[in-house]
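Following: one structure in structure tokens, then a few remarks.
The values are calculated or read from the model by the stated rules, or taken from the named source; none is laboratory data. Please read these numbers as outputs of a predicted model, since none were measured by experiment. For neighbour counting, all protein chains shown are included, and Cβ atoms are generated from backbone atoms with ideal geometry for every residue, glycine included.
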Amino acid sequence: MTVHLVGAGPGDPQLLTLRAARLLEEADVVVHDRLVAPEILQLIGPAARVIDVGKTPGLSHSQSLINKLLIELSREHEVVVRLKGGDPFVFGRGGEECEALRAACVGVEVVPGITSALAGPLLAGVPVTHRGLSHGVTIVTGTAMRGAGVDFHALANADLTLVVLMGVERRMDIARDLQDGGLSADTAVAIIERASTPHQRTLRCRLEDLAHLDVSAPAVIVVGAVASLELSVDLEAMTLGV
Ligand SMILES: C[S@@+](CC[C@H](N)C(=O)[O-])C[C@H]1O[C@@H](n2cnc3c(N)ncnc32)[C@H](O)[C@@H]1O
């Protein structure tokens, strides 16, 4: 009995690992989240049962019911794939699922995925580290559970890049706390919506304008000097000599 906990990457099927693509072909059952791209779900073999736990009534908000479902499925099927957007261990609750499966004596294989936290900025031409501009990168969640969240005052550091996932709703508080913590109102910000999909869109602004920007989730927010860079290369234009 093994559950394969598989990272689906940010959306573009070409960014799946070979292992992930193979498991989707071989799966008897695939349990997936809301953010997994439809193009990736098309790679699942025709005979497989597909369960969307982002939409299934009763399961959409209950991690313990999802854990229970995975344990049950592992007893009924040979190849059970738990498919998660990005990387399963980056804000994907993959660790919790792993613990629950292990506690029920179910084997787990974890297949890494390309996280939107790094692929999002890259696909917008933003290197999260860059000599002379950023010594490192911090990845955090923008959500606050029951009022308690990341201390953005403490993260205000002009030498580091800050990447915020799930931060669209609270962007006003995040921008205010970072400025209260000492970051300049002029600090560059890039927001990448739906990275790697045909709907990818990049917006750029100064930190003090972030609250007023019209942004929609899912999006990655990058704060720091690197966010002003735009290093993506238009290969088609190069080939055509444009
Ligand atoms: C619950 S977290 C899961 C992160 C995922 N495990 C990963 O490694 O990318 C969901 C958040 O990831 C970000 N996200 C996921 N896919 C994205 C995409 N294609 N473009 C932009 N942001 C994305 C958004 O911030 C979204 O709110």
Quick count over the stretch 145-169, residues being assigned to a loop (DSSP other than H, G, I, E, B), surrounded by fewer than 19 Cβ atoms within 10 Å (Cβ to Cβ) and under 21 Å from the mean Cα position of the chain (by Cα), is 4
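What is the residue count in the stretch 85-101 for residues that are near the ligand (Cβ under 6 Å from one of its atoms) and either more than 23 Å from residue 38 (Cβ to Cβ) or part of a strand (DSSP E or B) (or both)?
Quick first cut of the stretch 85-101, residues near the ligand (Cβ under 6 Å from one of its atoms) only: 85-87, 90-92.
Now drop any that are not either more than 23 Å from residue 38 (Cβ to Cβ) or part of a strand (DSSP E or B) (or both), which leaves 86.
Qualifying residue count for the region: 1.
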On the given criteria, is residue 49 of a type in the set (D, E, K, R) and either assigned by TED's automatic domain parsing to the domain that holds residue 32 or within 15 Å of the ligand (Cβ to nearest atom) (or both)? yes
In the stretch 65-77, is there at least one residue being away from the ligand (no atom under 16 Å from the Cβ), touching a helix residue (DSSP H, G or I) at 6+ places or on another chain (Cβ under 7 Å) and assigned by TED's automatic domain parsing to the domain that holds residue 223?
no
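Residue under question is residue 185, and the condition is that it be over 27 Å from residue 11 (Cβ atoms), away from the ligand (no atom under 16 Å from the Cβ) and at pLDDT below 95; does it hold?
Working: over 27 Å from residue 11 (Cβ atoms): yes; away from the ligand (no atom under 16 Å from the Cβ): yes; at pLDDT below 95: no.
Spelling it out, it is not the case that residue 185 is over 27 Å from residue 11 (Cβ atoms), away from the ligand (no atom under 16 Å from the Cβ) and at pLDDT below 95.
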For the stretch 1-52 the number of residues that are hydrophobic (A, V, I, L, M, F, W, C) and not in a loop (DSSP other than H, G, I, E, B) is 16
Taking the stretch 1-48 and keeping residues touching a Ser or Thr at 6+ places or on another chain (Cβ under 8 Å) and over 24 Å from residue 193 (Cβ atoms) leaves 1, 2, 3
**Prompt:** Do the conditions hold for residue 179, that is, is it within 14 Å of the ligand (Cβ to nearest atom) and surrounded by 15 or more Cβ atoms within 10 Å (Cβ to Cβ)?
**Reply:** no
